[in-house]
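Heads up, the thing below is written out as structure tokens.
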Amino acid sequence: MEGDNEPNDDKQYRSVGVDPDFYDMVDDNILSILLDACKPLFDLVSSSDSNPSAMKPADLLMSTANLIIAAGFKMKEQARQDMAEEDLGGGMFDEDVQDMRDFAAKVASEPQVYDVDERQQLDESLAFFNKPSSLKKYKTGTKLYDAEITDKGEIRAHMTLDVRAPPEQIVSYYMGHAQQFAKHNKSYGGGFGMGGRRNNHSIVAGGTLPMPQPFENRLIVLKILWEKLDNDTFFLLQVPSTHDSIPSPENVVRTTSMRLMKLTRIGPSLTKFFDELLYHVIRNQMRKGAVQTSFAVETPLVALTANEAGRISRSFIVVMMSNATPQSAVDEHIEKFLALRELDREYVWFRPMMEAIAMELMKDVAVGVKLRAGLGAGLSLMDMVSDSIIIRDLFTTPGKGPFAKALLACLAFNIAWQVVIVLAQSYGLKKNRLRTMLLESLAVVTFVKPGLDAWRVASGQEQQPGAIFSPLSEMAYSKGTEMFAEAIPGFVIQAVALVTSKEKSLVAVGSLLVSAMTTAMTAASSFYDIDTDPGGRKRNPDITGLVPDQARGKAFLVLLALSFCQVLAKGVAMALLAVTDIRTLLYYIVGDVGLSLAYKVATNDFHSYFPLPRAASFVLSLVVRIMYKTIADFTGSPLYRVPLLLGGTTYCFTLVTSQISVLVAVHLYNKNFEPGEGQEKLDADSTWKAATTMAIGWFFLFAYFVLRVAVPKKRWTLWSSMTGRQYVVESYTKGKSDEKKISIFRRNKILWEKEIGGQVREWTMANWATWEREKPEWFTAKAKSSVPDSYIPGEFLVGLGGANRVRRGSAAGSVRESFRAASVREDAEGPL
């Protein structure tokens, strides 16, 4: 930063918002802040209102230690470097930024020798700065700074503000970086520069600032001088000056104002609020007003008070209760508040620390886990109890036995599906395989599997070695099969039994409503969990993120209401059509599903994304296409809009035809149904009022979700014509890294090999040796096993076992390994 070094005119200046010092995770300053934040917890233990049985000092000490260790922060060195390089311009510091940091070190450590003139100027300016004056409070309209200003005599203003930077860096900025930036800023017309510097504490800089007509241009020439008063205080002055190297053009107005600054270090910028922020998060107790979070949503970090920080952190427990994973809870909490978003951008350790704390809290305190798992298990058990009562009543009612048997068949079908998923998930486990199979199967037949899955996801459990699915994926697949195999057909069967009964009991109506709500809750939570999962959003930014970062609770309620309306209307309508003419119902189902399959075949998008052999792919694709169509028909879940499932076009068509089918079914029932013995026809006016009310309510709810809830830039995914084949191909052609491109092998070759197979083969052949030599983190044995033999260079294929690799076994083994290749891991594509 020498005054005679002219900067390169071609250099690009960019804002660097992160102090690289904070990339040092093991920072005594940060750990001391964490310890200070935990001190109130120890005071809480010793207070008279604490519960000794629930909070022991030794346990609290260990929990605190674990939290601080967790804040160390489960982040690999390479990941930290990558994040630093991304934030700091590809790992290359701006030369000026590096110079400024070096100069700041000199400001902090090197003594300065002042001549007589400099000494006099500093003393006079400091005396003037401290001179009492009759200043009046000035209402600034912001919390960023306080101001006082004179209203007569000399114009003088005094402002106090917090700057979140060390005083050494502020001095360094004024001593060079600001002038160099101004020189290249077009608003200064390139006429601003440094006149010269005799030492490290004095500089003259200035130039002409163009002004809009009719104002005259301004000539600004300032002498900048600073002095270190003590270890934590600096005094800096900017006073009018002249210099031979800075020309004074005609027709300009010379500025004569001066600026005096007293920079006082107030300690780490986090200490003002960070203890409050952590204290209430760790304490993790529901408090009055915890859900009232609008008070500080847009308060910037620099203006955040300790009181506001405490209120923000108290709301975290509510967020944890409404999210499936610690990561998604932290993501929603951060995105809800401007101050936390700024904190997340500036301090690379903040989000990993919060995720670690959330995971520990969910394991130990488990408020969110208990609610999440309890809600899942509770709804499942409630549905089971109500279904059991209905099945008993149907068996004891003359002529209703077939309905009871049909419900039992659906229940058995669902249990069989769930057991198959359990066996597939547990078969390859490295430890306790048989024990896991038995316990998981027991959870299925006792109907507590939904709650168990929710507990695993909420507590942050990772995918076990050898398992096919991650906990989130297993829960998603289990919910999907439950809706398809039992919830939807069971609801229709119950509705048929209710419609054909002469006496409509409150128990039967209540059971029907519980079944509808359970199915709606399953559909809404499946979409919500996958769409808000931070890992999924990072891996699949184009097809996730429809739910906004803020007001997620409102979004979930709208989704739940939408699904409930559609389940209730569609299910009852199909029951009315079934009792009117079963053949018409069969024709409608076959035609509706057949048209959807024909569209997929016509668009060359029939095969699913699982990388299976062609015959197995055909069978599975047929099953899942029917499954996707059925669930979307009855629930309207936006999950199925993504290209890998139904796609936007088919999804929209399904929503429209589903609503039309309700009105058509009611019309046919009122026109053609003739009640038999022991039956009673529903009133036509009542059925039409109910159908139109549900249809109008659904329309307004859907419009509200699209226009007021869904993220605007993601709305296009609801009606996108992109096919699964196109999405898979683009995941490779538009992939920005080898890690992203390698995911192509987790997808069905039928979808991409014909179009880009040669390109993919050239890529793997050209890069395999480099991957083997450099061993990037994503290039694991699992990743290698997903790559077909024909895409691996011969010399490396031999080392992997050649054509007899583990994944090349029997036909059944090949199918299972194909599923494993498509399994959802932290580095894969997500449940989609």
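The values are calculated or read from the model by the stated rules, or taken from the named source; none is laboratory data. Values in this document were obtained by computation on a predicted structure and should not be read as measured data. Positions of Cβ are generated from backbone atoms using ideal geometry, with glycine treated the same way; all protein chains shown enter the neighbour counts.
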Filter result for E772 (modelled with pLDDT of 80 or more, exposed (fewer than 12 other Cβ atoms within 10 Å of the Cβ) and either under 22 Å from S426 (Cα atoms) or of a type outside the set (V, I, T) (or both)): no
Among the residues in the range 778-799, are any farther than 30 Å from A602 by Cα, of a type in the set (S, T, N, Q) and in a helix (DSSP H, G or I)? yes
When restricted to W719, W698, the only residue at pLDDT 90 or above and surrounded by 19 or more Cβ atoms within 10 Å (Cβ to Cβ) is W698
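Conditions (1) part of a helix (DSSP H, G or I); (2) touching a residue at least 24 places away in the same chain (Cβ under 8 Å), marked per residue:
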| residue | (1), (2) |
| --- | --- |
| G553 | yes, yes |
| L585 | yes, no |
| L595 | yes, no |
| D605 | no, yes |
Out of T717, T764, sole residue that is among the hydroxyl-bearing types (S, T, Y), out of contact with any Lys or Arg (no Cβ under 7 Å at 6 or more places or on another chain) and either under 30 Å from Y528 (Cβ atoms) or assigned to a helix (DSSP H, G or I) (or both): T764
Every listed condition ((1) closer than 24 Å to Q418 by Cβ; (2) modelled with pLDDT of 85 or more) holds for A561 save (1)
Out of the residues in the range 775-799 that are surrounded by 16 or more Cβ atoms within 10 Å (Cβ to Cβ) and touching a Leu at 6+ places or on another chain (Cβ under 8 Å), which is nearest to Q463 (Cα to Cα)? K784
Residues satisfying the stated conditions in the range 722-767, i.e. in contact with a Phe, Trp or Tyr (Cβ under 8 Å, 6 or more places away or on another chain), surrounded by fewer than 19 Cβ atoms within 10 Å (Cβ to Cβ) and among the hydroxyl-bearing types (S, T, Y): none
Farther than 28 Å from A710 by Cβ and either basic (K, R) or part of a helix (DSSP H, G or I) (or both): is that true of L577 in this structure? yes
Number of the condition not met by V509 [criteria: (1) surrounded by fewer than 21 Cβ atoms within 10 Å (Cβ to Cβ); (2) within 26 Å of T325 (Cα to Cα)]: (2)
In the same structural domain as I543 (by TED's automatic domain parsing), out of contact with any Pro (no Cβ under 7 Å at 6 or more places or on another chain), among the hydrophobic types (A, V, I, L, M, F, W, C) and part of a helix (DSSP H, G or I), is that true of L701? yes
Could you grab me the full set of residues in the range 231-258 that are modelled with pLDDT under 85, part of a strand (DSSP E or B) and of a type outside the set (V, I, T)? R254
Tell me, yes or no, whether the range 413-425 has at least one residue that is without any contact (Cβ under 8 Å) to a residue 12 or more places away in the chain and in contact with a helix residue (DSSP H, G or I) (Cβ under 7 Å, 6 or more places away or on another chain). no
(1) modelled with pLDDT of 60 or more; (2) surrounded by 20 or more Cβ atoms within 10 Å (Cβ to Cβ) all hold for V163 apart from (2)
Tally, over the range 741-758, of residues that are without any contact (Cβ under 8 Å) to a residue 24 or more places away in the chain and within 25 Å of K538 (Cβ to Cβ): 2
Condition broken by A485, with the remaining ones in (1) assigned to a loop (DSSP other than H, G, I, E, B); (2) small (G, A, S); (3) buried (at least 20 other Cβ atoms within 10 Å of the Cβ) satisfied: (1)
Which of the following residues is in the same structural domain as I488 (by TED's automatic domain parsing), closer than 19 Å to S526 by Cα, of a type outside the set (V, I, T) and in contact (Cβ under 8 Å) with a residue 24 or more places away in the chain: M627, M574? M627
So V204, is it out of contact with any helix residue (DSSP H, G or I) (no Cβ under 6 Å at 6 or more places or on another chain), modelled with pLDDT under 75 and of a type in the set (V, I, T): no
Being buried (at least 19 other Cβ atoms within 10 Å of the Cβ), on the phi > 0 side of the Ramachandran plot and either touching a residue at least 40 places away in the same chain (Cβ under 8 Å) or outside any helix (DSSP H, G or I) (or both) narrows F447, F469 down to just F447
